[in-house]
Amino acid sequence: MEFENADIISVNQFDRPDLERIFSLSDQMKEIARGKIRNTLLDGKILASLFLEASTRSRMSFASAFMRLGGQVNSTTGMTFSSMNKGETLEDTIRVVEAYSDIIAMRNPVTGTAQRAADIASIPVINAGDGVGEHPTQALLDAYTIQAEKGGVDGHTVTMTGDLKYGRTVHSLSKLLSRYDRIKYIFAAPPAFQMPDKIIEGLKSGGFDVVQTDDFDGALPESDIIYSTRLQKERLEGGDVGEEIDTTFQLTRKKIEDLCKKDVTVMHPLPRNEEVAVDVDDLPNAAYFRQAEYGMQIRMALYLMIFGKDKQFF
Ligand code: NCD
């Protein structure tokens, strides 16, 4: 895809060469992300950070990544503090915000909002999570984590567990991994929290090996990557309870030691509840805090590509 001035709304936008380009630039962002090398390529640019849903990590990661490249950030958080709470339409909000900034990163509880904003805005819009829809930059940083931790993405068995129904990170990641070869997907969740059929059908028609199970422990021995997610309590509809995500589907140190491959990689988009026990944190297999660091590099790479400032790195 052409990245300059592009909106980033869905992982469907990326093909494999795009991923390789983003990851190669992300590799080069490491020292800048850590503040060891100063960079001012985005000097004079303003990011509008519109987060109308709870967030610590993504919001701060989007902002810090922009600031590490010399840009500035103007933000609004939560419905309560935004004029949309006074009945302002998305259309009006975007028209106003684009007059104050050069790029928008937005999170909204309603699926499809990022696309609507992108249709209105004359500046690039990055989807930072739209309800149960997508979270494309999280999927990029997840795939980048697999590459960094495993030395490559192809040929791995990836077990996604937890709330696969309402979790947008697993929706985006499972689609993005279909850009790679010989991925085996295991979706281990209580039946009421399984991956939406549409995603399963897409993967199967792409020729991927897909297993849906409620036997989490049974899936562990063959997993190269375990990607755990919390119950999305704020999105539950009907009678779904999902308490077994914190019990039967909980990953513990004992399960890793007794059931998993020695080099299994444990990932989680965070925040976590009980689904990954804290006794896992000290194991070298626990990649979730490194995963958050990789996210800075990914978002920096995307900003540079969107502003056409990436040429000097290739
Ligand atoms: C996730 C999200 O917002 O979808 N968090 C994140 O971006 N790191 C996962 C979650 O909220 O459970």
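FYI, it's all coordinate maths here, none of it is from the lab. Since this is a predicted model, take the numbers as computed values, not measurements. Note that each Cβ is placed from the backbone with ideal geometry, even for glycine, and that neighbours are counted across all protein chains shown.
Neighbour counts of other Cβ atoms within 10 Å put LEU270, LEU302, LEU283 in the fewest-to-most order LEU283, LEU270, LEU302. Could you compute the FRET efficiency for GLN115 and MET1, with r as their C-beta to C-beta distance and R0 at 25 Å, rounded to 0.05? Rounded to the nearest 0.05, the efficiency is 0.95.
Placing a pseudo-label 7 Å from each Cα along the Cα-to-Cβ vector at ASN273 and GLN28 gives an inter-label distance of 4.3 nm. For segment 149-288, the residue among HIS156, GLN194, HIS268 whose Cα projects farthest onto the positive side of the dipole built from Cβ charges is HIS156.
Each residue of segment 149-157 was assigned a 3J(HN,Hα) from its phi angle through the Karplus expression (A = 6.51, B = -1.76, C = 1.60, θ = phi - 60°), giving 7, 9, x, x, 10, 4, x, 9, 9 Hz with x at Gly and Pro. Taking 7 Å steps out from each Cα toward its Cβ at LYS36 and LYS198 produces label points 4.3 nm apart. P(r) tail, segment 166-311: Cα-Cα pairs separated by more than 19 Å, 58% of all pairs. For the chain, adding -39500 (n - 2.57) for each run of n ≥ 4 DSSP H residues and dividing by the number of residues yields -10000 deg cm²/dmol at 222 nm. Expressed as an acute angle from 0 to 90° and rounded to the nearest 10, what is the orientation of the C-alpha long axis of helix 168-177 relative to the principal long axis of the chain? So the inclination is approximately 80 degrees. Working from label points 7 Å from Cα in the Cα-to-Cβ sense, the ASP92 to ASP154 distance is 5.4 nm. Looking at segment 234-312, the GluC sites (Glu not before Pro) that sit in a DSSP loop and have at most 16 other Cβ atoms within 10 Å of their own Cβ are GLU237, GLU274.
Charge dipole (Cα centre; +1 on Lys/Arg Cβ, -1 on Asp/Glu Cβ; no other charges) of the chain amounts to roughly 940 debye. The share of C-alpha pairs in segment 139-250 whose separation exceeds 18 Å stands at 46 percent. Bridging of LYS254 to aspartates and glutamates at a Cα separation below 14 Å is possible for ASP217, GLU275, ASP279, ASP281, ASP282, once same-chain residues fewer than 8 apart are set aside. Inter-part distance, segment 218-235 to segment 249-314, computed on C-alpha centroids, equals 13 Å. Computed over Cα pairs, the Kirkwood radius of the chain leads via Stokes-Einstein (0.890 mPa s, 25 °C) to a diffusion coefficient of 123 µm² per second.
For segment 83-188, state the average projected area of the convex hull of the C-alpha atoms over all orientations, rounded to one decimal in nm². The directionally averaged projection comes out at 8.0 nm².
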